[in-house]
Amino acid sequence: MNNISVSSKEINRLLSFLNKENVNIESLLQKSKIDMYEIKSKSARISLDKYILFNQEINEYPHVLDNFFSSSILREYYNDYPELFSLCLNEKNAFNAIDVFVSFKNIINSCSKVFITGSDFETKYVYQGPDYIDKVFFDVFSVLTVSILYSLVKEYSKDFSVKIEFKGECPKNYNVINKFFGVECNWNASVSSITFLNGDLMKAFCAYNDVLNVMQKNLVCNINNEIKQKTSEYSFKVRDYISHKLNDCYLSDDDILLDLCSLLDISRWTLNRRLKLENTNFKELLREEKVKLACHLLAESDHNVMKVSEMLGFSSQSVFSRFFKDNVGVNPREYRRI
């Protein structure tokens with residue numbers, strides 16, 4: 001499974017801006033082949049092919065970023081990725097802050113990269129998106145990435161010089177973008193990039209806390225490793241989807257399997273063949289998720305056992321009770337009394 005992906009939070013961010021422009025969100029998601037569960041789940045990752053389709057669709061709405069630039073960018077990103085941006089805002093200088101962001105950018109979006117070039121006097125950060133986007137249409141996420149780098153430096157140095165260029169044609173709302181950066185951005189460039197003077201990047205940050213920095217970095221490393229594992233194992237995505245569908249309630253096992261295969265655009269045979277490579281299968285993952293949700297509902301809700309069995313798609317309370325005892329060791333009523 002391709003582990004290149006973008007956090008669903010990034011898609012949601014742009015959808016919230018588009019919603020203010022009365023754009024038909026449902027139609028846009030359908031054209032991008034993005035399922036609603038992927039949007040609702042805060043931990044979901046959107047695959048590269050869907051990311052490309054989505055980027056292509058939002059090119060029809062050049063004012064999508066107007067609302068983005070009217071908000072506090074770092075506050076927006078801090079709310080979605082508090083661990084990463086807490087670390088970015090607690091470094092010795094802006095150079096280190098950007099280095100941290102670039103190193104752990106995959107937490108947000110691994111569909112693009114940032115390369116660093118420079119000289120003794122200045123450092124240039126070059127954005128590179130997927131080849132298809134670079135060649136065919138403007139990559140909205142290039143503007144988002146450059147704006148984050150700019151905003152980070154602004155937190156460390158109130159007075160600094162900057163040069164900005166973007167690949168692609170100048171959008172109709174270029175004045176909004178120029179106003180945000182405080183400079184005239186160069187369009188139709190060979191690459192999208194932002195350049196700073198080294199002296200501005202290396203200004204010492206007086207509020208830097210080295211002890212806190214170590215703890216923050218360990219936490220971000222753990223999050224990054226979790227995402228790498230999640231996006232590299234096929235079963236993680238399948239498990240996440242099963243969990244989402246079970247929470248929808250009253251769906252049969254066949255309904256969940258049918259919807260899953262439709263979402264992944266594969267046959268049942270192919271699904272289980274891929275899962276077999278990770279020593280599991282659909283039935284096993286479904287069983288584990290049903291046990292997990294059943295335990296949660298029995299412990300945390302007021303639903304009676306019959307209601308819980310119906311919500312999980314069991315044909316009867318007795319079938320559910322046997323299933324629960326086989327997997328947990330006690331029947332549902334006994335579990336509730338524990």
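Going residue by residue through the stretch 208-223, is there one that turns out to be touching a residue at least 24 places away in the same chain (Cβ under 8 Å), surrounded by 18 or more Cβ atoms within 10 Å (Cβ to Cβ) and either in contact with a strand residue (DSSP E or B) (Cβ under 7 Å, 6 or more places away or on another chain) or more than 30 Å from GLU289 (Cα to Cα) (or both)?
Yes, that holds for at least one residue.
Given the conditions (1) of a type in the set (A, V, I, L, M, F, W, C); (2) surrounded by fewer than 15 Cβ atoms within 10 Å (Cβ to Cβ); (3) free of Cβ contacts under 8 Å to residues at least 24 places away in the same chain, and given that ALA204 satisfies all but one, which numbered condition is not satisfied?
Of the numbered conditions (1) of a type in the set (A, V, I, L, M, F, W, C); (2) surrounded by fewer than 15 Cβ atoms within 10 Å (Cβ to Cβ); (3) free of Cβ contacts under 8 Å to residues at least 24 places away in the same chain, the odd one out for ALA204 is (3).
Could you go through the stretch 122-134 and let me know if any residue there is modelled with pLDDT under 95, surrounded by 16 or more Cβ atoms within 10 Å (Cβ to Cβ) and part of a helix (DSSP H, G or I).
yes
Only one residue in VAL191, VAL183 is in the same structural domain as GLU122 (by TED's automatic domain parsing), within 28 Å of the chain's Cα centre (by Cα) and not small (Gly, Ala, Ser). Which one?
Result: VAL191 is the single residue among VAL191, VAL183 that is in the same structural domain as GLU122 (by TED's automatic domain parsing), within 28 Å of the chain's Cα centre (by Cα) and not small (Gly, Ala, Ser).
Would you check if LYS33 is within 30 Å of LYS276 (Cα to Cα), surrounded by fewer than 16 Cβ atoms within 10 Å (Cβ to Cβ), touching a helix residue (DSSP H, G or I) at 6+ places or on another chain (Cβ under 6 Å) and at pLDDT below 90?
So LYS33 passes the test.
Read through the list (1) surrounded by fewer than 16 Cβ atoms within 10 Å (Cβ to Cβ); (2) touching a strand residue (DSSP E or B) at 6+ places or on another chain (Cβ under 7 Å), then give the number of the only condition that SER47 fails.
Going through (1) surrounded by fewer than 16 Cβ atoms within 10 Å (Cβ to Cβ); (2) touching a strand residue (DSSP E or B) at 6+ places or on another chain (Cβ under 7 Å) one by one, SER47 breaks only (1).
In the list SER110, SER192, SER142, which residue meets the criterion of being surrounded by 15 or more Cβ atoms within 10 Å (Cβ to Cβ) and under 21 Å from LEU87 (Cα atoms)?
Exactly one of SER110, SER192, SER142 is surrounded by 15 or more Cβ atoms within 10 Å (Cβ to Cβ) and under 21 Å from LEU87 (Cα atoms), namely SER110.
For a quick check of your reading: which helices (runs of 4 or more DSSP H) sit entirely within the stretch 284-338 and have at least 3 residues that are among the polar types (S, T, N, Q)?
Values: elements: 305-311, 317-328, 332-337.
Once the helices (runs of 4 or more DSSP H) in the stretch 284-338 are filtered for at least 3 residues that are among the polar types (S, T, N, Q), what remains is 317-328.
Confirm whether LYS228 is in contact (Cβ under 8 Å) with a residue 12 or more places away in the chain and surrounded by 14 or more Cβ atoms within 10 Å (Cβ to Cβ).
yes
Hey, any hits in the stretch 183-203 for a residue that's acidic (Asp, Glu), assigned to a helix (DSSP H, G or I) and closer than 30 Å to ALA44 by Cα?
Checked the stretch 183-203: no residue is acidic (Asp, Glu), assigned to a helix (DSSP H, G or I) and closer than 30 Å to ALA44 by Cα.
Go through (1) at pLDDT 85 or above; (2) farther than 30 Å from GLU83 by Cβ; (3) hydrophobic (A, V, I, L, M, F, W, C) and name the single condition CYS249 misses.
(1)
Here's the yes/no breakdown for (1) of a type in the set (A, V, I, L, M, F, W, C); (2) free of Cβ contacts under 8 Å to residues at least 24 places away in the same chain:
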site	(1), (2)
VAL238	yes, no
ASP259	no, yes
ILE266	yes, yes
ASN272	no, yes
PHE282	yes, no
ALA294	yes, no
ALA299	yes, no
MET306	yes, yes
ARG322	no, yes
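Within the stretch 215-235, is even one residue modelled with pLDDT of 95 or more and more than 22 Å from the chain's Cα centre (by Cα)?
The answer is yes, given that some residue of the stretch 215-235 is modelled with pLDDT of 95 or more and more than 22 Å from the chain's Cα centre (by Cα).
Here is a list of conditions, (1) out of contact with any strand residue (DSSP E or B) (no Cβ under 7 Å at 6 or more places or on another chain); (2) at pLDDT below 85; (3) surrounded by 17 or more Cβ atoms within 10 Å (Cβ to Cβ), and GLU21 meets all of them except one; can you say which number that is?
Only one criterion in (1) out of contact with any strand residue (DSSP E or B) (no Cβ under 7 Å at 6 or more places or on another chain); (2) at pLDDT below 85; (3) surrounded by 17 or more Cβ atoms within 10 Å (Cβ to Cβ) is unmet by GLU21, namely (3).
Residue check: is ALA189 of a type in the set (A, V, I, L, M, F, W, C), touching a residue at least 40 places away in the same chain (Cβ under 8 Å) and more than 30 Å from ASN279 (Cα to Cα)?
Spelling it out, it is not the case that ALA189 is of a type in the set (A, V, I, L, M, F, W, C), touching a residue at least 40 places away in the same chain (Cβ under 8 Å) and more than 30 Å from ASN279 (Cα to Cα).
Working only within the stretch 108-133, note down all residues that are in contact (Cβ under 8 Å) with a residue 40 or more places away in the chain and under 14 Å from ILE148 (Cα atoms).
Residues satisfying the conditions are ILE108, ASN109, TYR125, VAL126, TYR127.
Condition first: buried (at least 16 other Cβ atoms within 10 Å of the Cβ), in contact with a Phe, Trp or Tyr (Cβ under 9 Å, 6 or more places away or on another chain) and farther than 30 Å from GLU226 by Cα. Can you find one or more residues in the stretch 293-307 that meet it?
Taking every residue of the stretch 293-307 in turn, at least one turns out to be buried (at least 16 other Cβ atoms within 10 Å of the Cβ), in contact with a Phe, Trp or Tyr (Cβ under 9 Å, 6 or more places away or on another chain) and farther than 30 Å from GLU226 by Cα.
Which one of the conditions (1) in a loop (DSSP other than H, G, I, E, B); (2) at pLDDT 90 or above does PHE138 fail to meet, given that it meets all the rest?
(2)
The values are calculated or read from the model by the stated rules, or taken from the named source; none is laboratory data. Quantities reported herein were computed from a predicted structural model and do not represent experimental measurements. Glycine also receives a Cβ, built like all others from the backbone with ideal geometry; neighbour counts cover every protein chain displayed.
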